[in-house]
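The values are calculated or read from the model by the stated rules, or taken from the named source; none is laboratory data. These numbers were taken from a predicted model, which means no experiment stands behind them. Quick reminder, even Gly has a Cβ in these numbers, built from the backbone with ideal geometry, and neighbours come from all protein chains shown. Accessible surface areas use protein heavy atoms only, side chains included; no ligands, DNA or RNA. Shrake-Rupley method; radii C 1.70, N 1.55, O 1.52, S 1.80 Å.
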Amino acid sequence: STSDEAASNRSGIVFALIAYVSWGTYAAFFALLAHVNALEVVAHRAFWSIPIAAAVMLFMGRTQDVIRVMKTPKLLALMCLTTLLVTISWGVFVWAIAVGRTLETSLAFYINPLLNVAVGYLVLREKMTKLQFVAIALAVAGVAYQTWELGVFPWLSVILGAAFSAYGFLRKTIDVGPVQGFFVESFILSVLGLGVVGWLGLHESLSFGSDWKTTALLLACGPMTAVPLMFFASAARRIRFSTLGLLQYIAPSMLFLTAVFVLKEPLQHAQLVTFGFIWTALAIYTWSSLRQPAAS
């Protein structure tokens, strides 16, 4: 009924807001773990996400999906590939926060939707409007300007954006649900994480257990990682894709503001001009998306 659809839409928007605002707090949260090796942080994100994902799967009654993945070599190989992309994304992001490069992570989140459009055009042969071509050209111009002015290619932003885009593309095409896939990725990454934690322990550089504050923060990495993803997956099923697309700019905007006003990272003129190019490109992209027929 119409009332049921309206209620579902409202709950979907609330779920999306929870997810994006949670992701927007990542800079402030992971800055508290700047003294911890980034690989150890990534390992704990995987370790403590597993119980949460497992509980949700049991509630959904979808544990058989995980068994299907483990018994299908092709699916398992693809999930290993997505796990690699997750590892790159998480590792680079946590490291960037620790070394004071949060602004570059926010730029990665901003350019991600534009990269998704480019991947859709080049790989999936999806059509692009003239305005979307203009938006991508502006984004490229912004990156080129920063490279020219600073003499350094913003590789961190591009790597993060590309990893996010590649991950989204693969997860879109792999026949595994979001929660089940996240559980499998966390499990695979945990196996690798045990090796990392063991190596750090042997070299007496393990942070977990060193003090109660650090240990509590590392334990909190699980819910901080898993919960927003669960809310996002629920939101994606309830609201229109165009609405979800508009709300996605909350996270990078919060990261940008946190970097400048909380973490006090310097905002250079060339970076500001680049952000101006990207923001203009996103405004054009959003306007173009809203003009297209709405997808649910």
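Structure notes:
- Rounded accessible area of residue 182 (nearest 10 Å², 1.4 Å probe): 10 Å²
- Contour minus Cα-Cα distance for residue 80 and residue 137 (0.36 nm per residue): 17.2 nm
- Highest-fluctuation residue, 207, 165, 106 considered, GNM on the chain with Cα pairs under 10 Å: 207
- Cα-projected label distance for residue 2 with residue 127, points at 7 Å along beta-carbon direction, nm: 3.1 nm
- Listed by chain and number, the lysines whose alpha-carbon sits under 24 Å from that of residue 127, ignoring those within fewer than 8 places in the same chain, are 172.
- Of 230, 60, 70, the one that fluctuates the most in a GNM where the chain has Cα springs shorter than 10 Å: 60
- Solvent-accessible surface (1.4 angstrom probe) belonging to residue 269, in square angstrom, nearest 10: 130 Å²
- Within the chain, helices built from complete DSSP H runs that reach 20 Å or longer along their own axis (Cα positions) and carry a mean Kyte-Doolittle hydropathy of 0.5 or higher are 73-98, 102-122, 130-150, 155-173, 178-202, 212-238, 269-291.
- Charging the Cβ of each Asp and Glu at -1 and of each Lys and Arg at +1, and nothing else, the dipole of segment 4-100 about its Cα centre rounds to 280 debye.
- Residue 287 accessible area, 1.4 Å probe, all protein chains in place, Å² to nearest 10: 150 Å²
- The chain: calculated mean residue ellipticity at 222 nm from DSSP helix runs of at least 4, using -39500 (n - 2.57): -26500 deg cm²/dmol
- Within the accessible surface of segment 122-271, defined with a 1.4 Å probe on protein heavy atoms only, the carbon and sulfur portion equals 70 percent.
- Average accessible surface for the chain: 50 Å² per residue, computed with a 1.4 Å probe over protein heavy atoms with every protein chain in place.
- Rounded if a/c under 1.5, otherwise prolate or oblate - segment 82-222, Cα gyration tensor axes: oblate
- Global size of segment 101-179 as Cα Rg and Dmax, reported in angstrom: 13.9, 44
- Fraction of the pair-distance distribution of segment 184-296 above 18 Å, Cα-Cα pairs, percent: 72 percent
- In a reduced charge model with +1 at each Lys and Arg Cβ and -1 at each Asp and Glu Cβ, the chain shows a dipole moment near 780 debye about its Cα centre.
- Legend: calculated FRET efficiency, residue 159 to residue 257, from the Cβ-Cβ distance at R0 = 25 Å, rounded to 0.05, equals 0.65.
- Taking all Cα pairs closer than 8 Å and separated by 6 or more residues, the relative contact order of the chain comes to 41 percent.
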